[in-house]
1. Taking every eigenvalue of the Cα gyration tensor of segment 318-400, multiplying by 5 and rooting it, what semi-axes result, largest first, whole Å?
2. Calculate, in whole percent, how much of the Cα-Cα pair population of the chain lies beyond 44 Å.
3. Measure nothing but the geometry: give the 0 to 90° angle between the long axis through the Cα atoms of 67-80 and the longest principal axis through the Cα atoms of the chain, rounded to 10°.
4. With +1 on each Lys and Arg Cβ and -1 on each Asp and Glu Cβ, and nothing else charged, work out how big the dipole of segment 381-466 is about its Cα centre, in Debye to the nearest 20.
5. Taking the solvent-accessible surface of protein heavy atoms with a 1.4 Å probe, what is the per residue accessible area of the chain in Å²?
6. Determine the dipole magnitude for segment 277-367: charges of +1 sit on the beta-carbon of Lys and Arg, -1 on that of Asp and Glu, nothing else is charged, the reference point is the Cα centre, and the result goes in debye to the nearest 20.
7. What does the C-alpha gyration tensor say about the overall shape of segment 1-65? Classify as rounded when a/c is under 1.5, otherwise prolate if a/b is larger than b/c, or oblate.
8. Rolling a 1.4 angstrom probe over the protein chains, ignoring ligands and nucleic acids, what is the accessible area of residue 150 in square angstrom, nearest 10?
Amino acid sequence: MMDNKPEECSVCFNDYAENRLRPRTLPCGHTFCSQCIDNAIKNGQLTCPSCRAEHAATASTQFPINYAVEALVRKLKNIQLTTEEVVPAKPYEGSAKGISKTLRSMVQEQMSSISRLITSCEEVLSQLGEYRGQLGDWKTHHLQLQDRLYALVEQNKSAMKLLELEDTSVVDMTTQGEEGKTQLQAMLGSLNTVNTAQEVFMTINEVDQCNMEVENWLRKCQELFPDVKTVHTSVKVEDLHRMREPVKRLVEAGRVLAVQEDQDGRRSARITLQDGQLYLHPLLRQPTPTHAHTLQESEVVGVLEPSCTLAFLDLGWAGSTRGRVTIRLTPDTPLARQFVLLCTGQRGHTYRNTKLLEVWDQGQPGEWVEGGDYESNDGEGGAPLLPDLQGQYRESGQAGAVWARWRPGDPRSAQFTITTRDRQDGYLWSHVFGDVVSGLDVVRAAVNHSDIREVTVVDCGVVLPL
């Protein structure tokens with residue numbers, strides 16, 4: 001549809017102007033004011049108000065200014081000034097009838113000169129306003145950079161604190177080792193100078209005690225500290241199971257990652273520790289931190305036993321994460337395996353940043369919510385990742401059941417559904433492949449949010465057994 005008023009934003013209907021109302025063009029080609037773009041950004045995503053195209057965005061300043069529209073607005077304003085406000089200077093009509101025509105001509109010339117200067121002032125003031133708007137955009141950009149730098153500084157402080165603690169431990173253990181070595185050398189000298197049987201027995205007892213202390217020191221060093229030669233290479237899966245103090249500190253510092261190499265390059269997944277539980281997050285294309293400890297994603301996922309597979313979805317809305325939903329998956333079912341693939345991103349796709357799509361029977365028995373369209377994020381996508389999803393599935397009508405609304409083989413069968421209220425009509429949902437074990441209150445809070453499509457899966461992954 002042709003826009004009859006190109007000088008105004010089609011969302012707020014305000015005329016484009018400097019600062020917050022500057023026109024900016026999205027990658028899809030549509031133009032809106034900076035204020036409306038900022039208001040439309042949710043969880044790092046912007047949906048175009050005209051064509052509904054999705055764009056990654058954190059602020060309106062990342063989109064270019066539509067200078068053509070600004071030029072059009074200025075032209076329209078100038079035309080308006082010319083036709084409505086600018087009144088041609090009338091010939092000087094002085095009240096003093098005694099002024100000659102020559103003097104009247106001089107006055108008229110001065111008035112014309114002043115009018116020209118006023119027009120020039122208005123043009124320069126308009127340019128200064130535009131420049132100030134650009135300065136504001138640059139200032140916003142640098143403030144964002146400053147926030148990132150502050151975050152890096154805080155992260156560096158935490159890392160330095162861990163390094164200082166580790167260094168103190170190394171100093172203490174080194175002191176103990178030096179003392180043990182000195183005692184062993186003294187025992188060696190004593191054994192060389194014994195002359196009687198009594199001296200032999202006494203010295204051997206002292207040597208046994210010293211040997212035991214040094215062996216305990218060696219064993220403690222092996223448990224607490226990694227091999228210096230491999231400190232910057234990798235952590236083994238069994239190290240995660242043991243979760244000894246050095247590995248625990250590395251995980252808490254965010255320095256342990258699971259990686260996957262393919263024809264498109266490397267992807268990595270965070271491994272985090274929270275409330276004594278180890279979590280594997282989805283594989284993403286992201287820079288690997290310096291001195292990160294890595295292990296293969298296939299090895300990490302390989303330790304998951306079907307009988308104890310737990311997955312999680314972090315739900316958020318209104319700019320913040322509201323809580324974690326933990327789901328126990330039914331063992332040995334294709335839909336459960338597919339759910340794990342989409343929580344870990346092993347096939348390149350993930351539930352991360354997908355929306356909840358719709359609430360059914362809201363406030364009624366059997367209430368349920370649908371999500372998981374990783375393709376188009378509008379309910380029309382969500383193709384299966386496995387060739388055959390047929391299997392033996394449970395039926396359930398209880399709150400917390402996780403099931404597939406679309407039958408296996410449907411082009412949308414990767415979408416999932418969570419029941420939030422028990423059914424009371426005796427009907428049971430089919431194709432149930434999991435149950436919510438914690439966080440059902442988070443799902444219910446999401447259902448009661450004013451707009452379910454503002455609820456996003458901020459993060460997802462699986463729980464690693466310790």
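The values are calculated or read from the model by the stated rules, or taken from the named source; none is laboratory data. Because the structure is predicted, anything quoted here is derived from the model rather than measured. Positions of Cβ are backbone-derived with ideal geometry, glycine not excepted, and every protein chain shown enters the neighbour counts. Accessible surface is based on the protein model in full, side chains and every heavy atom, while ligands, DNA and RNA are left aside. Shrake-Rupley method; radii C 1.70, N 1.55, O 1.52, S 1.80 Å.
1. 21, 19, 13
2. 42
3. With both axes taken from Cα atoms, the answer is about 30 degrees.
4. My answer is approximately 140 debye.
5. Accessible area per residue, the chain: 59 Å².
6. With Lys and Arg at +1 and Asp and Glu at -1, about 260 debye.
7. In terms of gyration-tensor shape, oblate.
8. Rounded to the nearest 10, that gives 130 Å².
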